[in-house]
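First comes the structure, then the notes that go with it.
Rule-based calculations on the coordinates, nothing more; no lab input. Keep in mind that what you see is a predicted model, and the values were worked out from it rather than measured. Positions of Cβ are backbone-derived with ideal geometry, glycine not excepted, and every protein chain shown enters the neighbour counts.
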Amino acid sequence: MEAAKCCPATLLLPLLLLLVHSPATMVTCRAEMESVYVGQRVLPVRLGRPAFGPESLAFDHRGDGPYTGVSNGRVLRWRGPLRGWTEFAHNHKHETVTACAAKKRAVAPESACGRPLGLQFHRASGDLYFADAYLGLMRVGRAGGRAEAVATEAGGAALNFANGVDVDQETGHVYFTDSSATFQRSDYIMIILTGDATGRLLRYDPATGGVAVLATGLAFPNGVALSADGTHLVVAETARCRLLRHWLRGPRAGATEPFADLPGYPDNVRLAAGDGGDDTSAYYWVALNRDKAWMEEGTTPRSVAAVRVRAADGAVDRALRGLGNATVSEVVERPGGALWLGSVDTPYVGLFRTGGGL
């Protein structure tokens, strides 16, 4: 299959002009989605300097948080308005590399100190797993502190760009993506420009320490989410502007297939289940770096920042609009309908209180 030529949010305009847009390879997204204009109703929960870019968000077994990984290589925890953000976890470089020390306020290159991206808790053990783009799959216990790398290779090949993470709460298996075997996060633009499709979908088993390769040949695999019934994974394939479904159980186990066409370039995916606890009452929030119209129109009040996708059939039924130039990398829905918004480009986490759901 030929890859659709999509671009992520932070590509500069001159580089966009180098891309050859090929509409014939892209399925038109459904037009019936309803719009929610969030605009100025998003509350910025600001980080302390020099940290920025809260890419992914997670809540622990008590519902406390969010926790998020930021640009200086650390994982922070929100302790409420009075205490603010405090450090929860760090990697070994923050103890051994001078430029990464806690008291350093200068911004070091993220490759020097690590860059946490997707993260998720295993609630029963209290362990937090997160993908560090440069160090691999990391784990830290419920008390926080120094995180250890639990996976740095798969199938005989080193992890090169660890990215999205989700955890099966029943089995403890950790599902994550390796976005490219060729380019690291610092050179992610080249994944698009070269049409690179060397990304992988992986599974870490904490009982054995083994890592299984579930799918290969993916074009910038990004966020990953386990379905409500545990039968399959939903994976964001950024470079092709779509979601994939990878079957874990059932007659199609091991197969990977298209699941949803999207109106933009997806980042993280998070499941939000309804009362039924299965795919008939569940949906996914999918953050979009930019919508497709941005290439021609720039950012407008109608620009789509995130979409809600029905788990039953892959239909896009809601769109969040009106966030201006702030890109969105993750949307997490909490009880009561509040939406927490992550972004690689902002010095804050966004909070949108819906007042009862969407």
Under the Karplus curve 6.51 cos²θ - 1.76 cosθ + 1.60, θ = phi - 60°, whole-Hz ³J(HN,Hα) for the range 241-257, x wherever Gly or Pro sits: 6, 7, 9, 10, 10, 10, 7, 9, 9, x, x, 9, 3, x, 7, 10, 9
Debye intensity ratio I(q)/I(0), log10, the range 98-245, q values 0.09, 0.21 Å⁻¹ (C-alpha model): -0.27, -1.31
5 angstrom amide H check on A154, placed H, neighbours 5+ away: L159
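Once the other residues with Cβ under 12 Å from the Cβ of L351 are scored (Lys, Arg +1; Asp, Glu -1), what is the net sum?
On the way: positive: R41, R46, R334, R353; negative: E333.
The answer is +3.
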Stokes-Einstein D (µm²/s) once Rh is taken as the Kirkwood radius of the chain over alpha-carbon pairs, at 37 °C in 0.692 mPa s: 163
Per-pair calculated FRET efficiency, R0 = 45 Å: A212 and S35 via Cβ, rounded to 0.05: 0.65
Mean Cβ count within 10 Å, highest first, over the residues of peptides 223-235, 140-152: 223-235, 140-152
Summed side-chain charge close to G254 - residues other than G254 whose Cβ falls under 15 Å, Lys, Arg +1, Asp, Glu -1: +4
Table column - 3J(HN,Hα) (Hz), the range 175-182, Karplus curve with 6.51, -1.76, 1.60, x for Gly and Pro: 9, 8, 10, 10, 5, 6, 8, 9
Under 5 Å, built H, 5+ apart or other chain: amide partners of F88: V75, L76, R77
Hz values of 3J(HN,Hα) by residue in the range 44-55 - Karplus curve (6.51, -1.76, 1.60), Gly and Pro given as x: x, 9, 6, 8, x, 5, x, 5, 7, x, x, 5
Ranked list, fewest to most other Cβ atoms within 10 Å of each Cβ, for H122, H246: H122, H246
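Quick one: F352, F161, fewest Cβ neighbours within 10 Å first, how do they rank?
F352, F161
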5 angstrom amide H check on T327, placed H, neighbours 5+ away: D345
Inter-label distance, nm, simple model (7 Å from Cα along the C-beta direction), D64/A101: 2.9
The chain: calculated mean residue ellipticity at 222 nm from DSSP helix runs of at least 4, using -39500 (n - 2.57): -1000 deg cm²/dmol
